[in-house]
Amino acid sequence: MEEQGCPRCKTTKYRNPSLKLLVNVCGHSLCESCVELLFVKGSGLCPECGTSLRRSTFRLQIFEDASVEKEIDIRKRVLRDFNKKEEDFPSLQEYNDYLEMIETIVFNLTNHQDVEATKKMIDQYKKENKDQIKKNLSKLSKDEEFLETLIEQEQHETTIRKMILLEEEKKEKAAKRKSKEALIDALMYQDRPAHDIISSHKELAQHEELEAKRATTAFSTGIKIGHRSDIVPLNKQETAQLYRYCPLVIEWCGPEPPTVDELYTDGYLRNIRTISDAERAGGFREALACHRALQDAFSGLYSFPNVSAPSPAKRKSFPQTAAHSPMITS
Amino acid sequence: MFSISTQAKYWLFTGETELATCRAEANRSYISSRRAHLTDNEVASCFLTPMEEKLLSRQYEVVLRKFCSEFQPPMPKCVIGTSLAYFKRFYVHNSNMDYHPKDIMLTCVYLACKVEEFYVPIGQFVKNLRGDREKFADAILSFELTLMSKLNYHLTVHNPFRPMEGFIIDIKTRYKDIQNIEIVRRTAEEFMERSLQSDACLIFSPAQIALAALSFGATKEGLSLDRYIKEILFKTATEKEAEDTLYQLRRVKFIVKNTESVPREQAQAIQKKLDQCRNQENNPDSDVYKQRMLEKLDEEEDVRHRKRAKLVADDEPMFFSLEQDR
């Protein structure tokens, strides 16, 4: 990838890490110092394309590709006029077509295609929709409205929270003063020894403090005050039934094959080849292969398709196929 | 486990009669969709009869087995068994005229290789063929999905090879009267090979075929497994089960013995006839097929394009409102 840099003074990000690239409406980037140098008077020509630019319209280049910046500028400008909302259209299809049109215009302007025709189109549109453009300019889009209400709500909440805090502080102060007064009163009028009174008072104060702390921790969760309905009850535990293991019962449809234990006790394993080291390393044992062979041999031995429930395709009943039987020689 | 498999549930038929009706139904439905307003006589001369279809299938089963036996790298027996099972299952409900057995045969073998964990990449697979290999590869891959859906995705096939090993182990262990059961193996395997050429795998369970093969082999070698079957194997069986199983074993032997090969000339004549009446939409060489493939491709592209356009349109409103905020 090409190093990002200023086309005029050829400084690159590598040589000057603090290099700031600025971009203007024409989509050509310049570094900060070049902008300062060229636009001392406040306006001048772009060194790349000769478009006259104002210094105030320069802004930081966010995207590496300067043409993206240019597109954003054009889009902003186009959208100022093309500010119809979805509600202004009778159907989604028409709204989509409208959006498509905007995209085409932006694309044409960015890539210098049919610029004249496009500009004409824009002018015509402006003329035709003059009133509506003006009207919509003052109106906020739905998303903006939503954002605004959100912000308002947040502000409201912060003020409430502040007030609550203030009140609490006041209360605390009052309580402290009260307890101090109580202590002095007790020291003055009670007959108990002084250190006794002080220690019991301290205990009381500690106790109160603890209580207060508990109260504050209950509020210091991130949950919004007054929004109880948002809180999802966490202790909603479903009591699923415990899993109970029941051994697999296989319908063999044949004689029952020997179990793995019987393979060892009845000497089945003597009749198969011994396992090679490589196979044993892979985790296989003779019993495994032997067991499978025997299972396969016995499974389905008593299979008579006519006896089992016939599928729709199997309409024929057995006696008809038995027509072969006289010819069978055993 | 075979007893609870799709093979037992969906792909066992009561007998050759039922198979014949299914095949005749496939044949009839193909013809009725194509015949337009031909008379019955013209239909008979133009389209394949169910009998001809069966002969043609048999012929291609022979070709398939030859292809498999010469396949490099040499393939395990179960691949041959599985591919033949696929081939047979496919033509139970489909007509030879609709899908040419030549294409289906290769696809069956390719799919069976995958399912039986003997995967051969398509490039290496078609090296076993003579002719335009790229064309073969294209045909195989394009029919693979069709084949699977026609098989209803019941891809596990239980072959009789492992059950036979199981019975041999069992005989060695529990039936001491015969000490040299291994001598039966050769004839039993021959029997099994022949069974592959018959419809046995669509009618009987693999265990029955394997036991029939062993008992056939034993009789040929002058031994008898009757006592083993009756006294040891059927010790826990009810009388009816034992009787029915013995009957099934006799039927296996009968059906396998009666398989006969198709004369070459006859097969060639049928094939010639097939070239005229086959479904051109499923012929990779035909223009209709190519046209359809192209259309499919275009359609896919179109759908993708529309989706993208929709996505873009959906995104835009959000993007705009962001821009306006600045």
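Using the Cα gyration tensor of the range B:160-258, with a ≥ b ≥ c the square roots of its eigenvalues, what is the shape: rounded (a/c below 1.5), prolate (a/b larger than b/c) or oblate (neither)? Verdict is oblate for the range B:160-258.
Residue A:191 contributes an accessible area of around 150 Å² to the protein surface, as traced by a 1.4 Å probe with all chains present.
In terms of its C-alpha gyration tensor, the protein assembly as shown comes out oblate, because a/c is 1.5 or above while a/b does not outweigh b/c. Peptide A:87-98 has a mean of 1 when you count, residue by residue, the C-beta atoms of other protein chains within 10 Å of its C-beta. With θ taken as phi - 60° and the Karplus curve 6.51 cos²θ - 1.76 cosθ + 1.60 applied, the whole-hertz 3J(HN,Hα) list for the range A:190-204 is 8, 8, 5, x, 4, 5, 5, 4, 4, 5, 5, 5, 4, 4, 4 Hz, x standing for glycine and proline. Dipole size of the protein assembly as shown about its Cα centre, with +1 on Lys/Arg Cβ and -1 on Asp/Glu Cβ: approximately 640 debye, rounded to the nearest 20. The distance from the alpha carbon centre of the range A:104-137 to that of the range B:208-234 is 92 Å, rounded to a whole number.
Exposure check, 1.4 Å probe, all protein chains in place: residue B:46 carries approximately 50 Å² of accessible surface. Each residue of the range A:100-109 was assigned a 3J(HN,Hα) from its phi angle through the Karplus curve 6.51 cos²θ - 1.76 cosθ + 1.60 (θ = phi - 60°); the sequence is 4, 4, 4, 4, 4, 4, 4, 4, 4, 5 Hz, with glycine and proline shown as x.
Shown are A:92, B:12, whose ranking by accessible area with a 1.4 Å probe and every protein chain present, most to least, is A:92, B:12. Extending 7 Å from Cα along the Cβ direction at residue A:184 and again at residue B:156 yields two label points whose distance is 9.1 nm.
In a DSSP loop and with at most 16 other Cβ atoms within 10 Å, there are no trypsin sites (Lys or Arg not before Pro) in the range A:172-206.
In this structure, the amide hydrogen of residue A:21, modeled 1.01 Å from its nitrogen in the peptide plane, lies closer than 5 angstrom to those of A:61, counting only residues at least 5 positions away or on a different chain.
As a calculated quantity, the FRET efficiency between residue A:120 and residue A:33 at R0 = 41 Å, using C-beta atoms, amounts to about 0.55. In this structure the amide hydrogen of residue A:8, modeled in the peptide plane, comes within under 5 Å of the amide hydrogens of A:31, none closer than 5 places in sequence on its chain. With a Förster radius of 35 Å applied to the beta-carbon distance between residue A:92 and residue A:130, the computed FRET efficiency rounds to 0.85. Counting only residues at least eight positions apart within a chain, or on another chain, the lysines with an alpha carbon under 20 Å from that of residue A:139 are A:76, A:84, A:85, A:126, A:127, A:130.
The string of couplings for the range B:158-165 from the Karplus curve (6.51, -1.76, 1.60, θ = phi - 60°) is 9, 8, x, 5, 5, x, 4, 4 Hz, one whole number per residue in order, with x for Gly and Pro. Nonpolar atom fraction for the range B:75-208, defined as the carbon and sulfur part of the 1.4 Å probe accessible area, stands at 49 percent. Length available on full extension from residue A:52 to residue A:111: 0.36 nm per residue minus the Cα-Cα distance, which gives 19.3 nm.
Note on residue A:115: accessible area is roughly 40 Å² with a 1.4 Å probe, heavy atoms of protein only. If a/c stays under 1.5 just call it rounded; otherwise compare a/b with b/c (prolate if a/b is bigger, oblate if not). Do that for chain B, with a ≥ b ≥ c from the square roots of the Cα gyration tensor eigenvalues. Because a/c hits 1.5 or more and a/b exceeds b/c, chain B counts as prolate. Peptide B:16-25 is shielded by partner chain Cβ atoms: per residue, an average of 3 of them sit within 10 Å of its Cβ.
Summed over qualifying helices (DSSP H, 4 residues or more, each -39500 (n - 2.57)) and divided by its residue number, chain B shows a 222 nm mean residue ellipticity of -22500 deg cm²/dmol. Between the residues A:51, A:278, B:279, the greatest Cα displacement towards the positive end of the dipole of the protein assembly as shown, with unit charges on the Cβ of Lys, Arg, Asp and Glu, is found for A:278.
The values are calculated or read from the model by the stated rules, or taken from the named source; none is laboratory data. Every value quoted in this text rests on a predicted model; they were computed, and no experiment measured them. Note: ideal-geometry Cβ built from the backbone for every residue, glycine included; neighbour counts use all protein chains shown. Ligands, DNA and RNA are stripped out before the accessible areas are found, and what is left, the full protein with its side chains, is counted by its heavy atoms. Shrake-Rupley method; radii C 1.70, N 1.55, O 1.52, S 1.80 Å.
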